[in-house]
Amino acid sequence: MTSDVSRSVMITGAATGIGRATALAFAERGDRVTIADIDARAADTAAAIREAGGRAQFIECDVTDRAAVQRVVDGALAAYGALDAAFNNAGVLPKPQPLHEVDAASLNLILDVDLKGVFHCMQAQISHFLESGGGAIVNTASVAGIIADPEMSPYVAAKHAVVGMTKAAAVEYATRNIRVNAIAPGLVETPMTRAWLEDDAFRAAMFQHNISGRAARPEEIAGTVLHLCSDAASFTNGAVFVVDGGHTAH
Amino acid sequence: MTANEIFDVSGKVAFVTGAGSGLGRAMAEAMAENGANVACFDLDPEGLTETATLLSRLGADVLTFTGDVADEAQVDAAVAETVARFGSLDIAFANAGIGDPEPGFIHEYDSANWRKVVDVNLNGVFNVNRAAIREMMKTGGGKVINTASMWGLAGSSSVFPLPAYNATKGAVVNLTRELGLQYARSNIQVNAICPGFFLTALGPYDDAEFMEAVTGFTPMGRVADPAEIKGTALYLASSASDFVTGTALVIDGGCMAK
């Protein structure tokens, strides 16, 4: 890594999976981490960081609530005196359903968390970055933000929207030292995907055209987020970094 | 794996074409700064000497090869010599490239100029990828990083016409996808970087009108220093990108997002 400066970083959705692995990686390089999650288990991630000698706090937060997101940004500033980078990672994965059978509640939940949640986070973070002089944001999209999987229409729509919001914010604040990029992970071994990965029929369908033949470990995503949040990515803006073992190259 | 180990390339052997200046020199520096040994390949012997001096000061072992990437025998020989001297080839940057010798519209385009650009920008990348991957198949893995361009993803004539450059860079992007798939199960990651406007010899950046056009096109409102490619180079050369293959990373200050 090119910078040894300790930064204050906000991460949503860090109870498990990609968010947890990334929070641990930020902390390992000396960053102060504010973890926001609706899932109280994310407190364990913060505790694990502190036990290892790092600095982290947990703030319970439902990203669909704009005011709650603001409290996380304020909490990061109160605890660590700064907010330099953010990883907007909280998301929900719906059960597969044909588009014509998707109920309103399911559609709204996906759009509220995966789309509006990221929007709320960017609003709060960018408002601060405009005052502080800049910062870096990384949003978790998905390969479903680039291609489509069957029976995942609300998720595909929301993740395409994350890619769109990322580009929109990147272009809008490009001259104000705010960089906004997205990652597009393929299938990752997380509690969110565990049921799928344990289903033989799903695995067969999933890996039919996935040439790597495996899912990523959450730790394999963390490096991409660290890079995009760092000054080493100073000219990288509005980009989508795909981490999918070749899934979208075919 | 700690955060620092994720980006570690110490003890690795890197081969960089177009290392005599610009992005290639920055990529070579990024490798040397992080503990790799570097073989540098370029047409320009003076540029190579300057790069080698920089890398040696960083403590790297350095080899230099004056040659043309369009000549497969020269590329094969350089890769073979690199392996003979350094013991392996872990990281290859197929970075050498040229712009259209006479930028212009296709109905007036000179065939020799077209073939020249195809020879360097596409055939050169083929030569380097083939030679490097042959070695990586023997050792069980590696990283190939091809320099494409944002003009491998979009036409350029809203700013200036570069038909051969754009065609070849688009080909590099799709060759990268194909090779990413071909070697996905061989532990060889093949990826492309798509730079936007970087302050290199490839464009007339000392021309005020050109500078105004390119900064106006770039949302960040500036051109990049070549050093700003180092982070992406290190990311794609290190284990940070072990699940990343067949992709094209845009480093363009927001140009392709608009």
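Of all residues in segment A:129-154 being open to solvent by 30 Å² or more (accessible area, probe 1.4 Å) and not charged (D, E, K, R), which is farthest from A:VAL72 (Cα to Cα)?
Going residue by residue through segment A:129-154, those that are open to solvent by 30 Å² or more (accessible area, probe 1.4 Å) are A:130-133, A:146-151, A:153.
Checking the rest, the ones that are also not charged (D, E, K, R) come to A:130, A:132-133, A:146-148, A:150, A:153.
On the way: A:LEU130: 17, A:SER132: 16, A:GLY133: 19, A:ILE146: 30, A:ILE147: 32, A:ALA148: 33, A:PRO150: 35, A:SER153: 30 Å.
It comes out as A:PRO150.
Which of the residues that make up segment B:174-217 are charged (D, E, K, R), more than 29 Å from B:GLY47 (Cβ to Cβ) and surrounded by fewer than 19 Cβ atoms within 10 Å (Cβ to Cβ)?
Taking segment B:174-217 as the starting set, the residues that turn out to be charged (D, E, K, R) are B:177-178, B:185, B:206-207, B:209, B:212.
If we keep only those that are more than 29 Å from B:GLY47 (Cβ to Cβ) too, we end up with B:177-178, B:185.
Of everything in segment B:174-217, those that are charged (D, E, K, R), more than 29 Å from B:GLY47 (Cβ to Cβ) and surrounded by fewer than 19 Cβ atoms within 10 Å (Cβ to Cβ) turn out to be B:GLU178, B:ARG185.
Would you check which residues across segment A:178-220 are open to solvent by 20 Å² or more (accessible area, probe 1.4 Å), assigned to a loop (DSSP other than H, G, I, E, B), within 30 Å of A:HIS120 (Cβ to Cβ) and facing chain B (nearest Cβ under 9 Å) and list them?
A:ARG217, the sole residue that qualifies.
With the requirement that a residue be in contact with a Lys or Arg (Cβ under 6 Å, 6 or more places away or on another chain) and in contact (Cβ under 8 Å) with a residue 60 or more places away in the chain, what does segment A:14-53 give you? First the steps, then the outcome.
Start the filter on segment A:14-53 by keeping residues that are in contact with a Lys or Arg (Cβ under 6 Å, 6 or more places away or on another chain), which leaves A:14-15, A:31-32, A:45.
A:ALA14 - this is the single residue of segment A:14-53 that is in contact with a Lys or Arg (Cβ under 6 Å, 6 or more places away or on another chain) and in contact (Cβ under 8 Å) with a residue 60 or more places away in the chain.
Scan B:VAL69, B:VAL83 and give me the residue that is open to solvent by less than 50 Å² (accessible area, probe 1.4 Å), in a helix (DSSP H, G or I), among the hydrophobic types (A, V, I, L, M, F, W, C) and modelled with pLDDT of 95 or more. Outline the logic, then answer.
Working: B:VAL69 fails: in a helix (DSSP H, G or I).
None of the others qualify; the one that does is B:VAL83.
Identify, by number, the condition in (1) over 21 Å from A:THR140 (Cβ atoms); (2) under 18 Å from the mean Cα position of the chain (by Cα) that A:ILE35 doesn't meet.
Exception for A:ILE35: condition (1).
Checking B:SER157 against (1) part of a loop (DSSP other than H, G, I, E, B); (2) within 13 Å of chain A (Cβ to nearest Cβ); (3) more than 20 Å from the chain's Cα centre (by Cα), which test does it fail?
Tallying (1) part of a loop (DSSP other than H, G, I, E, B); (2) within 13 Å of chain A (Cβ to nearest Cβ); (3) more than 20 Å from the chain's Cα centre (by Cα), B:SER157 fails exactly one: (2).
Would it be correct to say that B:ASP110 is at pLDDT 95 or above, buried (at least 22 other Cβ atoms within 10 Å of the Cβ) and out of contact with any Asp or Glu (no Cβ under 6 Å at 6 or more places or on another chain)? Quick ask: steps written out before the conclusion?
Numbers: at pLDDT 95 or above: yes; buried (at least 22 other Cβ atoms within 10 Å of the Cβ): no; out of contact with any Asp or Glu (no Cβ under 6 Å at 6 or more places or on another chain): yes.
For B:ASP110, the condition - at pLDDT 95 or above, buried (at least 22 other Cβ atoms within 10 Å of the Cβ) and out of contact with any Asp or Glu (no Cβ under 6 Å at 6 or more places or on another chain) - is not met.
Of all residues in segment B:233-258 being farther than 20 Å from B:GLY141 by Cβ and either open to solvent by 10 Å² or more (accessible area, probe 1.4 Å) or in a helix (DSSP H, G or I) (or both), which is nearest to the other protein chains (Cβ to nearest Cβ)?
B:ALA257
Can you find a residue that is under 11 Å from B:ASP252 (Cβ atoms), within 9 Å of chain A (Cβ to nearest Cβ), in a loop (DSSP other than H, G, I, E, B) and modelled with pLDDT of 95 or more anywhere in segment B:175-190?
Taking segment B:175-190 first, the residues under 11 Å from B:ASP252 (Cβ atoms) are none.
Among the residues of segment B:175-190, not one is under 11 Å from B:ASP252 (Cβ atoms), within 9 Å of chain A (Cβ to nearest Cβ), in a loop (DSSP other than H, G, I, E, B) and modelled with pLDDT of 95 or more, which makes the answer no.
Taking segment A:221-237 as the search range and keeping residues that are at the interface with chain B (Cβ under 7 Å from one of its Cβ atoms) and open to solvent by 10 Å² or more (accessible area, probe 1.4 Å), which one is farthest from B:ILE251 (Cα to Cα)?
Restricting to residues being at the interface with chain B (Cβ under 7 Å from one of its Cβ atoms) and open to solvent by 10 Å² or more (accessible area, probe 1.4 Å), the top hit is A:ALA232.
Suppose the filter is surrounded by fewer than 19 Cβ atoms within 10 Å (Cβ to Cβ), among the polar types (S, T, N, Q) and assigned to a helix (DSSP H, G or I); does B:THR53 pass it? Spell out the reasoning first.
Details: surrounded by fewer than 19 Cβ atoms within 10 Å (Cβ to Cβ): yes; among the polar types (S, T, N, Q): yes; assigned to a helix (DSSP H, G or I): yes.
For B:THR53, the condition - surrounded by fewer than 19 Cβ atoms within 10 Å (Cβ to Cβ), among the polar types (S, T, N, Q) and assigned to a helix (DSSP H, G or I) - is met.
When you go through (1) open to solvent by 70 Å² or more (accessible area, probe 1.4 Å); (2) assigned to a helix (DSSP H, G or I) one by one for B:MET31, which number turns out not to apply?
Failed condition: (1).
Of B:GLY20, B:GLY11, B:GLY99, which residue is part of a loop (DSSP other than H, G, I, E, B) and on the phi > 0 side of the Ramachandran plot?
Details: B:GLY20 fails: on the phi > 0 side of the Ramachandran plot; B:GLY99 fails: on the phi > 0 side of the Ramachandran plot.
Selected residue: B:GLY11, the only one of B:GLY20, B:GLY11, B:GLY99 that is part of a loop (DSSP other than H, G, I, E, B) and on the phi > 0 side of the Ramachandran plot.
The values are calculated or read from the model by the stated rules, or taken from the named source; none is laboratory data. The structure displayed is predicted, hence computed values, not measured ones. All Cβ positions, glycine included, derive from the backbone under ideal geometry; neighbour counts span all protein chains shown. These accessible areas exclude ligands, DNA and RNA; they are computed on the full protein's heavy atoms, side chains included. Shrake-Rupley method; radii C 1.70, N 1.55, O 1.52, S 1.80 Å.
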